[in-house]
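Here the structure comes first, spelled out in C-alpha cells, and everything after it is commentary.
The values are calculated or read from the model by the stated rules, or taken from the named source; none is laboratory data. Computed from a predicted structure; not experimentally measured. Here the Cβ positions follow ideal geometry from the backbone for every residue, glycine too, while neighbour counts run over all protein chains shown. For accessibility, only protein heavy atoms count, side chains too; no ligands or nucleic acids. Shrake-Rupley method; radii C 1.70, N 1.55, O 1.52, S 1.80 Å.
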Amino acid sequence: MFEATRREIGNRTLVSRRLLALVQTLDQSRMLEAAAHKGLIFVQLYGVYEYAVHSAVQAMLSAIRDEGLSTRDLHHRVLTLVLDGAFTSVAASGRGRSWEKRLDLVANFESTAPLLSLDNTTFPADGSHYRVKQLQTIWGVFGLDVPVLPEPRLIGRIEELVENRNAIAHGRRTPEEVGGRYSASEMDKTITDIEGVGTYVVTAMEAHYKRGGVRR
C-alpha cells in the first residue's frame, strides 16, 4: 500500500503540473483567469498533501492488520490509535461504568489476539487541519525518530499551503486573489515541494514500520 500511495501522489501532482502548463499558455488578456487557476492549484495540492498523510497512516494500520500483529506486539504509543474505540468508550462512559471500561482497556494492552479486524481508516486527527502539528502528532503516535519534514524550510511551505487552501475554501479570499500573488515559477516550486513532502511522509513511515518501529 505504501508504494501504491507514492504512485498516486505522483499521479495527482501531475494534474497540478498540467494545469500550471495551461496557465502559462494564457496571454495578457486572460490574466484574471490565470490567477484563478493558480489559486485553485493550491486547493488541488492540499488534496494531494492530505491524501498522502492520511494514506500513510492507513498503510501503517493495514500493515499491522495484514501481518497479524496483536496489541501485545505493539509499542504503547501505537495503542493510542489502534485502541481508539476503547479509549473513546472510556471517555464516554458514565461514572457507574468508568472503572469497568478502564479495566477492559488495560486488559486489551496484553491481548495476543491478531488485530485482523483493525479499522485502517482510524486517524489521529488533532484539529490542526494538516498543519505541521498534525505530522508531529502522527510521528509521536508511531514513534518515528526522524524529522517530520525533509527540510526545515518546508514548515513554511505547509503553513502557506494550508492557509491558502482554507482562505479559498472558506471564502475569505477568491482563487484569483490568492493565485495573483504567485508567479508561474513560484507555483512550480510549490508543486515540487508538496510532492516531495507527500513522498517523504509515506517513505519515512514505511521505513519505520519495516525496521520494527511500531513494536515493543
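Please state which of the following conditions residue 86 fails to meet, knowing it meets all the rest: (1) surrounded by 15 or more Cβ atoms within 10 Å (Cβ to Cβ); (2) within 23 Å of residue 193 (Cβ to Cβ).
For residue 86, the exception is condition (2).
Can you tell me how many residues within region 162-207 are out of contact with any helix residue (DSSP H, G or I) (no Cβ under 6 Å at 6 or more places or on another chain), open to solvent by 10 Å² or more (accessible area, probe 1.4 Å) and of a type outside the set (Ser, Thr, Tyr)?
Selection size over region 162-207: 15.
Here's a check for you: in region 61-75, which residue that is in a loop (DSSP other than H, G, I, E, B) and more than 24 Å from the chain's Cα centre (by Cα) is nearest to residue 138 (Cα to Cα)?
This residue is 70.
Would you mind telling me which numbered condition in (1) modelled with pLDDT under 95; (2) out of contact with any Asp or Glu (no Cβ under 9 Å at 6 or more places or on another chain) residue 144 fails?
The failed condition is (1).
Determine which single condition residue 78 fails, assuming it passes every other condition in (1) at pLDDT 95 or above; (2) over 26 Å from residue 126 (Cα atoms); (3) assigned to a helix (DSSP H, G or I).
Tallying (1) at pLDDT 95 or above; (2) over 26 Å from residue 126 (Cα atoms); (3) assigned to a helix (DSSP H, G or I), residue 78 fails exactly one: (2).
Among the listed residues 3, 50, identify the single one that is open to solvent by 70 Å² or more (accessible area, probe 1.4 Å) and in a helix (DSSP H, G or I). Don't jump to the end; show me each part of the working.
Working: 50 fails: open to solvent by 70 Å² or more (accessible area, probe 1.4 Å).
On inspection, the qualifying residue turns out to be 3.
Since residue 29 meets every condition but one in (1) out of contact with any Leu (no Cβ under 8 Å at 6 or more places or on another chain); (2) in contact (Cβ under 8 Å) with a residue 60 or more places away in the chain; (3) over 30 Å from residue 63 (Cα atoms), which condition does it not meet?
The number of the failed condition is (2).
State whether one or more residues within region 194-214 are touching a strand residue (DSSP E or B) at 6+ places or on another chain (Cβ under 7 Å), of a type outside the set (Lys, Arg) and touching a residue at least 40 places away in the same chain (Cβ under 8 Å).
yes
How about region 23-43: which of its residues are at pLDDT 95 or above, over 15 Å from residue 189 (Cα atoms) and not small (Gly, Ala, Ser)?
37, 40, 43
Go through region 105-137 and give me each residue that's open to solvent by less than 70 Å² (accessible area, probe 1.4 Å), free of Cβ contacts under 8 Å to residues at least 12 places away in the same chain and more than 26 Å from residue 67 (Cα to Cα).
Listed by number, the residues that qualify are 126, 127, 128.
Taking region 6-32 on its own, how many of its residues are of a type in the set (S, T, N, Q), surrounded by 11 or more Cβ atoms within 10 Å (Cβ to Cβ) and part of a helix (DSSP H, G or I)? Spell out how you get there, then give the answer.
Applying the first criterion (of a type in the set (S, T, N, Q)) to region 6-32 yields 11, 13, 16, 24-25, 28-29.
Subsequent filtering for residues that are surrounded by 11 or more Cβ atoms within 10 Å (Cβ to Cβ) retains 13, 16, 24.
Then drop every residue that is not part of a helix (DSSP H, G or I), which leaves 13, 16.
Looking only at that region, the number is 2.
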